[in-house]
Each structure stands twice: as C-alpha cells, then as structure tokens.
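Scroll down for the structure; my scribbles are underneath it.
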C-alpha cells in the first residue's frame with residue numbers, strides 16, 4: 001500500500017475531509033486506505049475525550065499496519081497522531097495550542113508539539129492554521145522552544161455543490177427555510193447567540209433549523225428553545241443534511257472559535273448566504289463571506305440576518321460559486337498528484 005490515512009472521524013467534518021482525501025489519492029493512482037478509529041464511550045471532560053479518541057486512533061492504525069505495510073501514513077489531526085505507532089504526515093484544521101486552552105489541553109499541547117517536531121510533513125487545511133504552530137508563552141515559565149522549520153503543504157478540504165448529485169428536476173426548489181445553523185457543539189458554536197438573534201430578528205412564518213444535535217441534548221445543556229419558529233433536527237445522513245441546505249436562505253454562525261468552517265463552505269456551495277460573527281481561529285469561510293457581502297459579517301447577528309433575508313445582495317450565490325473555485329475537487333486532485341504524493345513517497 002502507498003498511503004494509509006489514520007482517520008479520527010470524531011466529527012462529520014473530519015469524516016468528510018478524510019473521505020475526500022482518500023478519493024483524491026486514489027484518483028491520483030495511489031493505493032490508499034483508511035484506518036478508522038472506533039468511537040469511544042462518551043465522557044465528561046475534553047482531556048479524557050481526546051485521550052480516548054487518540055487511543056482509538058492508535059488501535060486502528062496498529063490493526064491496519066499488521067495487515068499491510070503502508071509506505072506513508074497521514075494522521076488526520078494531531079489527536080490521531082498523539083500515540084502513533086509510526087511517524088507520518090499530520091493533517092490538521094487547527095491545533096490544541098489554539099482550541100484546547102487552559103486545563104482542557106494540559107497533556108495534549110506538549111505532546112502535540114513533540115509530534116509536530118517529529119512529523120516528516122505537515123498538512124494544514126489552510127494557511128490560517130500555520131501561525132498556531134508557534135507555541136504560546138506560559139505565564140509561569142519561559143516559552144518552550146519553537147519547532148524547527150518543517151515542510152508544510154496546505155491541503156484544503158474539497159467542497160462541492162450538492163446540486164450535481166441530484167436530478168435536474170429537483171435542482172431548483174423553493175428556499176422555504178429562512179435560517180439554518182449547525183450546532184453539534186452548541187457552546188462552541190454559540191447557540192445562545194444564535195437563539196438571541198433569532199428571537200429578535202425572526203418573523204412569524206419564518207423558520208430557523210438547528211442541525212447536529214437533538215432537542216433533548218440541547219435542553220440538557222440548558223438551552224431554552226423558542227416555542228415557535230425553531231425546528232431541531234439531530235444528526236442526519238449526509239444527503240439529507242445537504243438537501244436542507246438547498247432549501248435554506250441564510251446559514252447562521254456565531255462560533256466562539258471556528259477551526260475551519262466546513263459547514264459554512266458547504267452552505268455557500270449550496271447557495272446559502274453566510275451570516276456570521278467574526279469568530280477567532282483559522283476560519284477560512286469568514287474572509288470569503290466578508291468579500292461576498294460585508295453587511296452579513298459582524299457582532300450584530302440579528303441585524304445581519306434581517307439584511308440577508310430582506311435585502312440579499314444580487315448574484316450572491318453565483319459570486320460564492322466562483323469564490324469557492326480553489327476548494328473544488330479538481331484543485332485538490334492537482335495538489336495531491338503534483339505535490340503531496342511526490343513528497344510522501346520520496
């Protein structure tokens with residue numbers, strides 16, 4: 001085997017990214033496979049959750065390597081690489097240095113720095129993830145040494161419109177959903193801000209769809225959902241999820257930190273307008289959305305949402321389709337064939 005992708009798969013976005021990479025490797029002529037981590041049991045803390053996922057990724061890699069000796073490995077996230085059985089390239093949307101602050105990343109951050117130094121190649125999803133390679137200073141001691149310069153190749157996730165996968169007769173349906181939000185991690189995704197904005201901006205007859213978590217899960221986290229105008233859908237099959245996007249006018253995001261923004265890019269690809277707060281992190285979709293309509297990006301989420309619904313910018317979807325050209329599969333295939341495989345298999 002040429003390449004083994006060790007897939008953490010702890011979120012839908014990670015699973016999508018890994019499947020797209022596998023397909024691209026195979027289109028480039030490589031013999032490639034995925035070692036998928038088995039989802040561990042649910043636990044209460046971030047530190048323990050990461051530990052169980054990291055151990056699951058190691059088990060998956062060890063089992064696959066017993067079956068075949070891959071020439072090169074790609075670990076999907078630094079968590080997947082934490083206890084690797086063999087060094088390999090690390091692909092990541094963001095690092096624990098940025099998204100695991102304080103006690104949430106006590107063991108992850110130092111181990112991550114060691115793996116980043118040992119990896120033969122780093123594969124960030126975006127250029128915005130590269131600044132986080134620099135360890136942050138600690139108040140109680142001298143900052144740790146900066147890792148030596150490491151070969152890096154930006155490898156974005158392929159984003160395609162789902163319109164091409166359905167019959168032409170169903171390609172142009174009514175956009176009867178006013179707003180849509182992905183809230184699989186409701187605190188991080190800023191569900192409280194989204195609900196506050198909707199209470200202020202939503203009008204009778206309009207609907208906000210919350211996807212990625214059940215109503216019971218949201219209520220268990222303390223979220224009081226409005227009696228009207230809000231529909232909650234749990235985790236859906238991917239085709240059903242994209243079908244909802246094709247019915248949506250505005251995708252709403254108020255994340256307290258955004259590591260990349262696959263959900264937002266998919267929404268743009270399916271013709272939604274992106275209404276978002278300027279969230280920190282390597283948030284690729286943010287600059288793109290600001291260039292499409294700066295009125296829809298800001299702290300006044302309710303005001304931006306009403307602008308999107310009442311005064312949409314002409315040609316927004318067409319402009320978004322052109323702006324997403326660097327994220328098309330054909331571009332990922334070019335980078336994989338011309339740059340990634342030669343480096344991996346050298």
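The values are calculated or read from the model by the stated rules, or taken from the named source; none is laboratory data. The structure displayed is predicted, hence computed values, not measured ones. Positions of Cβ are generated from backbone atoms using ideal geometry, with glycine treated the same way; all protein chains shown enter the neighbour counts.
Every residue in region 264-290 that is in contact with a strand residue (DSSP E or B) (Cβ under 7 Å, 6 or more places away or on another chain) and assigned to a helix (DSSP H, G or I), please.
Once the filter is applied, which keeps residues that are in contact with a strand residue (DSSP E or B) (Cβ under 7 Å, 6 or more places away or on another chain) and assigned to a helix (DSSP H, G or I), region 264-290 yields 264, 267, 268, 285, 286, 289, 290.
Please go through (1) closer than 30 Å to residue 238 by Cβ; (2) modelled with pLDDT of 70 or more; (3) in contact with a helix residue (DSSP H, G or I) (Cβ under 9 Å, 6 or more places away or on another chain) for residue 130 and return the number of the only condition it doesn't satisfy.
Failed condition: (3).
What is the number of the single condition among (1) over 18 Å from the mean Cα position of the chain (by Cα); (2) crowded, with 21+ Cβ neighbours inside 10 Å; (3) more than 18 Å from residue 329 (Cα to Cα) that residue 37 does not meet?
It is condition (1) that residue 37 fails.
What are the residues in region 195-220 that are in a loop (DSSP other than H, G, I, E, B) and surrounded by 14 or more Cβ atoms within 10 Å (Cβ to Cβ), if any? Steps first, please.
Of the residues in region 195-220, the ones in a loop (DSSP other than H, G, I, E, B) are 202-207, 212-214.
Those that are in a loop (DSSP other than H, G, I, E, B) and surrounded by 14 or more Cβ atoms within 10 Å (Cβ to Cβ): 202, 206, 207, 212, 213.
Which residue is surrounded by the fewest Cβ atoms within 10 Å (Cβ to Cβ), if the candidates are limited to region 309-346 and must be touching a strand residue (DSSP E or B) at 6+ places or on another chain (Cβ under 7 Å) and either touching a residue at least 60 places away in the same chain (Cβ under 8 Å) or in the same structural domain as residue 22 (by TED's automatic domain parsing) (or both)?
Going through the qualifying residues, I end up with 345.
Could you list all residues from region 3-18 that are at pLDDT 95 or above and not in a strand (DSSP E or B)?
Of region 3-18, the ones at pLDDT 95 or above are 3-7, 18.
If the condition is that a residue be at pLDDT 95 or above and not in a strand (DSSP E or B), then 18 is the only one that fits.
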